[in-house]
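Engineer: Dropping a structure here in C-alpha cells format, bear with me for questions.
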Amino acid sequence: MSASGHLIFDGRRVPVKPGQTVAAALWAAGIRSWRTTRETGAPRGVFCGIGVCFDCLVTIDGTPNQRACLAPASPGMVVTTQLGTGR
Amino acid sequence: MTSPPLGPSRPSPSGRYHVAVVGAGPAGLAVAATAAAAGCRVALLDAAPAVGGQYWRGRDPGVRLSGVDVMTGSAVWFVSPGFVLHRRGSDPVAAERLVFATGAYDRTLPFPGWDLPGVVTPGAAQAMLKGCGVPIGDRVVVAGAGPFLLPVAAGLLEAGVRVVGVYEAGDPTRYARAPAAVAGARGKAREAMSYLATLARHRVPYRTRHAVLAARGVAAVSAVEVGQLDRSGALVPGSVRPVECDAVAVGYGFTPQLELPLALGCATRLDTDGSLVLAVDFAGQTTVPGVYAAGEVTGVGGAALAEVEGRLVGAGVAVATGHRSPLSEMELTRLLRRRSALRRFAALMHRVHAPPAGWPEWLTENTIVCRCEDVPVHRIRAAVTGLGATDGRAVKALCRPGMGWCQGRICGYPVAELTARWRGRPLTAADLAVFAHRPIAQPVRLGDL
C-alpha cells in the first residue's frame, strides 16, 4: 500500500495516508469536487464510492478519466480537476 | 490467445479450471472454499486488490482458501465461448463451470440536488469510512430505505461524526406482522437492535416513513428537505422541513451487478424489490448450462444468505465436475433450510423497505436523472409523453439517459420506472434489462482489445 506524504491537487498540497484512495485524501482535506460535467459544468465528486458511477473521474499524473474512489493515493502524485470530457 | 494459467496442483484433464468464480465477496468466497474442499481446481477472481467484497472491505473474512488460485486485481470485462474470462491487464482464465457472485451496489433515486457534491450513497459513506478512515462529513444525514442505513449511521457515530438524523422511507413496524419470517433470521433482528441502541445512545432521531426530498447548497450540500410519507408512500402535505448538514448518504436498497451473465444470455426476472436478478434453479444454475450464480445477483438478501447460497453452489459445481460433495446430508439439509428462511426474510425486507411510491412527485422538470449525460426530467418526459417512446430503449435513443460513463448503472432503475409509469403500466424485467446489458463489462483501453 501507499505511504504517507503529500499529493498535489491543483497546485495545493494534500496529505496522503497509507491505504487511502485519491478521493479519500481529497475529501479528508475538505475538497468535495474535482470534476465538472460536460453539458452544464456542474461540480462533481464522490457519489457511489465503489467504482460504479464514474462521477469522481479526475486527471492523475496527466491521465484523465481515473476513478478517484478506486485509485490509490500516493505521495508526489499530481491530481488536477477534470473539465468536461477530460482535459 | 494466451493459454489459461495452470496452477501447480491437480490440473483438470482439459487444462482448464474446474470452476472459475467471479466476485470474492461472501458468496464467491463460500463457493470457492467449498468447491476447493471437494478437490476442484478453483480460480477466484475479483476486481479489487483484496478479497472480501464490499461486505468485508479489506477485513479478514476468515475463509480458508487453500487450493484456490486467488486472482485479485482482475477486472473481468468479457467472457468468450468456452468459458474464457478476459481480464484487464493479465492472461485470460478458462474453466469448465462459471459462477457469478458479482454482488450489488446501492440503488439510488433522483431528487432535486442529488447531484450536489456531498450527496453520496450509503455504500460510499461506508467505503470512505471503513476503507479509508475518512468520514463523509461532520454533520451527516443518513436516508433512504433498508437495514443497511443502520450500520452506516452507527459506524459514523462510532467515528465521532454527528449524525443529524436517520430517515427511513419504509415502516419497519411491519416486520412485527410477519413474526415467522423474522424468527427465521433472528441474527438480523439482534443486529438491527444493537445499531438502534447506538443511535439512541447518541440521541440521533430515527424517523420512519420519512424521506429526503431535496438537497440544497451552492458548491456542496448544506441542507436537505425532509418530509413524512403516508402509508401509500406519498408525501404528507405540509410535513416538509429543512435539516442542515454537510453530507447526505442516501440509497434505496441495492442493484445486482449482472453485465457478465447477461452478456452470456442468462435469463432474468423481476424480484420483489423491483431489482433485475438472475433466474436460477434449485442448485443455483442459471438458464445457461454450466453457468451458476450465488449471492445478491440471485436476489438481494445480505451477506448471510450469500454465504449459504455460496456453499450450496460450491458443492453443486463440485459434484457437476465429478467430485464428491463436501457437504454431509445433515449439513446439506441445514443449509437448504437456512436458505429458505433467509430468502423468506429477504422478501419481507423488500416489502418493508420498498422504494416509496411517491418518489417521482419529488422531481422538478429540471432535476437531473442521468448524471453522466446531464439528462433532466423534462427531456425524459418529452421522449415518453411527447415523442411516444414506449420503452427504455426508445428513451435512451431519444435523449441519452444511460449512455454515459456509468452505462445506466445509476439511472437505469429510475429511467425504467419513470418510463413505465408515464406509459401507465407496471415496471417489467425487460424495462430494467435495457439498461443492464453492457457487452463490455468494465472500461477497457483499446490496447486491451
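FYI, it's all coordinate maths here, none of it is from the lab. Here the structure is a predicted model, which means the values were calculated and not measured. We place every Cβ from the backbone using ideal geometry, glycine too, and count neighbours over all the protein chains shown.
Engineer: Quick check on my filter: what residues within segment A:7-24 are within 25 Å of B:Ala50 (Cβ to Cβ) and in a loop (DSSP other than H, G, I, E, B)?
Structural biologist: Residues satisfying the conditions are A:Lys17, A:Pro18, A:Gly19, A:Gln20.
Engineer: Filtering segment B:169-223 down to residues that are at positive phi and touching a residue at least 12 places away in the same chain (Cβ under 8 Å), which residue is surrounded by the fewest Cβ atoms within 10 Å (Cβ to Cβ)?
Structural biologist: So the residue we want is B:Gly217.
Engineer: Going by what's in this entry, would B:Val99 be described as over 14 Å from the mean Cα position of the chain (by Cα), buried (at least 24 other Cβ atoms within 10 Å of the Cβ), among the β-branched types (Val, Ile, Thr) and more than 14 Å from chain A (Cβ to nearest Cβ)?
Structural biologist: Answer is yes for this residue.
Engineer: Conditions: (1) surrounded by 19 or more Cβ atoms within 10 Å (Cβ to Cβ); (2) farther than 17 Å from B:Pro443 by Cβ; (3) at the interface with chain B (Cβ under 10 Å from one of its Cβ atoms). A:Glu39 meets all but one. Number of the miss?
Structural biologist: (1)
Engineer: Mind checking which strands (runs of 3 or more DSSP E) fall wholly inside segment B:242-336 and carry at least 1 residues that are within 30 Å of B:Pro356 (Cα to Cα) and within 14 Å of chain A (Cβ to nearest Cβ)?
Structural biologist: Fully inside segment B:242-336 and qualifying: B:247-252, B:254-256.
Engineer: Could you list all residues from segment B:400-419 that are in a helix (DSSP H, G or I) and either among the acidic types (Asp, Glu) or within 12 Å of another protein chain (Cβ to nearest Cβ) (or both)?
Structural biologist: B:Gly412, B:Glu417
Engineer: Have a look at B:Gly62, B:Gly133, B:Gly89 and point out the one that is out of contact with any strand residue (DSSP E or B) (no Cβ under 9 Å at 6 or more places or on another chain), within 11 Å of chain A (Cβ to nearest Cβ) and surrounded by fewer than 21 Cβ atoms within 10 Å (Cβ to Cβ).
Structural biologist: B:Gly133
Engineer: Failed condition for B:Met128, given (1) touching a Pro at 6+ places or on another chain (Cβ under 9 Å); (2) within 13 Å of another protein chain (Cβ to nearest Cβ); (3) part of a strand (DSSP E or B), with all others met?
Structural biologist: The single condition B:Met128 does not satisfy is (3).
Engineer: Give me a count of the residues in segment B:131-151 that are in a helix (DSSP H, G or I) and closer than 22 Å to B:His353 by Cβ.
Structural biologist: Residues flagged as in a helix (DSSP H, G or I) and closer than 22 Å to B:His353 by Cβ within segment B:131-151 amount to 3.
Engineer: Here's something else I'd like to know. Give the residue, chosen from A:Val52, A:Val16, that is buried (at least 19 other Cβ atoms within 10 Å of the Cβ), over 21 Å from B:Ala247 (Cα atoms) and within 11 Å of another protein chain (Cβ to nearest Cβ).
Structural biologist: Going through A:Val52, A:Val16 in turn, the sole match is A:Val16.
Engineer: Still on this structure, please answer the following. Given the options A:Ala29, A:Ala73, A:Ala24, A:Ala68, name the one that is more than 24 Å from B:Ser74 (Cβ to Cβ) and either touching a residue at least 24 places away in the same chain (Cβ under 8 Å) or within 10 Å of another protein chain (Cβ to nearest Cβ) (or both).
Structural biologist: Matching residue, one of A:Ala29, A:Ala73, A:Ala24, A:Ala68: A:Ala29.
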